[in-house]
Amino acid sequence: MTENKRSRFNIARRIVVKVGSSSIAYPTGKLNLFQIESLVRQLSNLHNQGRDVLLVTSGAIGTGAGRLGLSGRPRTIPAKQAAAAVGQGILMHIYEKFFSEYGVTAGQVLLTREDFSDRRRFLNARNTLHALLQFGVIPVINENDTVAVDEIKLGENDTLSALVAGLVDAELLVLLSDIQGLCTADPPRDPGACLIQEVPEITPEIESLAGGAGSKLGSGGMATKISAARIAAHSGVSTVLACADEKDIILKVISGEQVGTVFWPCGNKLENRKQWIAYSAAVCGKIRVDEGAAAAMLKHGKSLLPSGITGVEGQFEIGSTVSIVGPDNQEIARGITSYSSAEIDQIKGVQTREISRILGHKDYDEIVHRNNMALNL
């Protein structure tokens, strides 16, 4: 059954490939030209088949660190930004050189979390990527590490690739790293560790298999890859985690071979707007709800009314995205609020009919309407 399901990858028309720092650079920080050439050759081959291909690449900070003569990844934010400024140009020059040798045009796209959290910038980024694909260009995407402080701290190009996959409605996300895939234990520490070939659902047990960060030049670990696979799954995208060192690994994935670990998408794909609410919009505050409200939202898909709210945290205005938290302090949803934090604090716990009396106006019955809510994050 698994093999038949993987065979669907062969008809995928839009593919996002993410490559980690350790896969395109040596521990010295110098670029592994053989590995980059292999990557570009495979992507160019898929492009020549008429598929849309997008590459999300790490490596700017590591490459810059190597050029600057640093022994490892810089520790301070200014040093990381300086390394990124140097490395970004070097990295893109190499990609352009290799892609041009295969007759393919590449275009650099630098994104930050803000390009996803702001709805207008989100749509602009989507339109730009679609335009590049229509022109037959392979977008080479990276976080704008030279200016993005938070992104550098997190180093989550895994997350970026999943957000990009949802942004462009991709069918397949391939995460290339220096590991075979998700294993039952850490292979270097446990010789008995076995590769998990497929993950139908990301459960707490699957999450518990995640270790720490990766190489000294990279910053992502298994936890970020599982998180990325979760985002992709809710966007209706299949994710394959595989080893970049394996010969023609991308082509093997596309042909349906049993390589790496495949994370299958959820049956209940979030619509585009709810994908944005769930994973891209900046969370500005928190609303606490009681058990009744939590059950009404989770089990029956109801909107959040003021009567079920027990508390509000943070300061935010109308139209902000908030985290909705149940009595057990677990996040159960995110949504766009119809009232400000100050107003919600005044009307929490009251019936809808009391809103006008307390606030002097009632624009909406719901604090967060179900159409503006993404559940089960």
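The values are calculated or read from the model by the stated rules, or taken from the named source; none is laboratory data. What you see is a predicted model, and the numbers here were worked out from it, not measured in a lab. Note that each Cβ is placed from the backbone with ideal geometry, even for glycine, and that neighbours are counted across all protein chains shown. Surface accessibility is based on the protein's heavy atoms, side chains included, excluding ligands, DNA and RNA. Shrake-Rupley method; radii C 1.70, N 1.55, O 1.52, S 1.80 Å.
Things to note:
- In this structure region 1-117 gives 44 Å² per residue of accessible area when probed at 1.4 Å with all protein chains present.
- The orientation-averaged projected area of the convex hull spanned by the Cα atoms of region 1-75 comes to 6.5 nm².
- Rounded to the nearest 10 square angstrom, residue 369 shows an accessible area of 50 square angstrom against a 1.4 Å probe.
- Compactness of the chain as Cα Rg over 2.2 N^0.38 Å, two decimals: 1.06
- Of all DSSP-defined beta bridges confined to the chain, some 35% are antiparallel rather than parallel.
- Shown for the chain are the DSSP H helices of 27 Å or more along their axis, judged by Cα atoms, with a mean Kyte-Doolittle hydropathy of at least -1.0: 77-101.
- Gyration tensor (alpha-carbon) shape descriptor, region 56-144, a/c threshold 1.5: oblate
- Cβ-Cβ distance of residue 318 and residue 8, R₀ of 41 Å, FRET efficiency by 1/(1 + (r/R0)^6): the value works out to about 0.45.
- Positive-end extreme of charge dipole, the chain - chosen from 202, 38, 136 (charges on Cβ): 136
- Long pairs among 269/348; 269/299; 225/247; 299/362; 225/302, criterion Cα-Cα beyond 20 Å: 269/348; 225/247; 299/362; 225/302
- log₁₀ of I(q)/I(0) at q = 0.11, 0.13, 0.16, 0.19 Å⁻¹ - region 1-150, Debye sum with one point per alpha carbon: -0.47, -0.65, -0.93, -1.17
- Dividing the summed helix terms, -39500 (n - 2.57) for each DSSP H run of n ≥ 4, by the number of residues in the chain produces a 222 nm estimate of -11000 deg cm²/dmol to the nearest 500.
- Given R0 = 45 Å, the distance between the Cβ atoms of residue 79 and residue 273 translates into a calculated FRET efficiency of 0.70.
- Residue with peak Gaussian network fluctuation, the chain [Cα springs, cutoff 10 Å], from 23, 280, 307: 307
- Principal semi-axes in Å for region 284-368 [√(5λ), Cα gyration tensor, largest first]: 19, 14, 11
- Highest-fluctuation residue, 80, 286, 299 considered, GNM on the chain with Cα pairs under 10 Å: 299
- Contact order normalised by residue count of the chain, Cα under 8 Å, 6+ apart, percent: 15 percent
- Placing +1 on the Cβ of every Lys and Arg and -1 on the Cβ of every Asp and Glu, with no other charges, gives the chain a dipole of roughly 480 debye about its Cα centre.
- GNM remark for the chain: springs join alpha carbons under 10 Å apart, and the peak mean-square fluctuation among 138, 318, 24 falls on 318.
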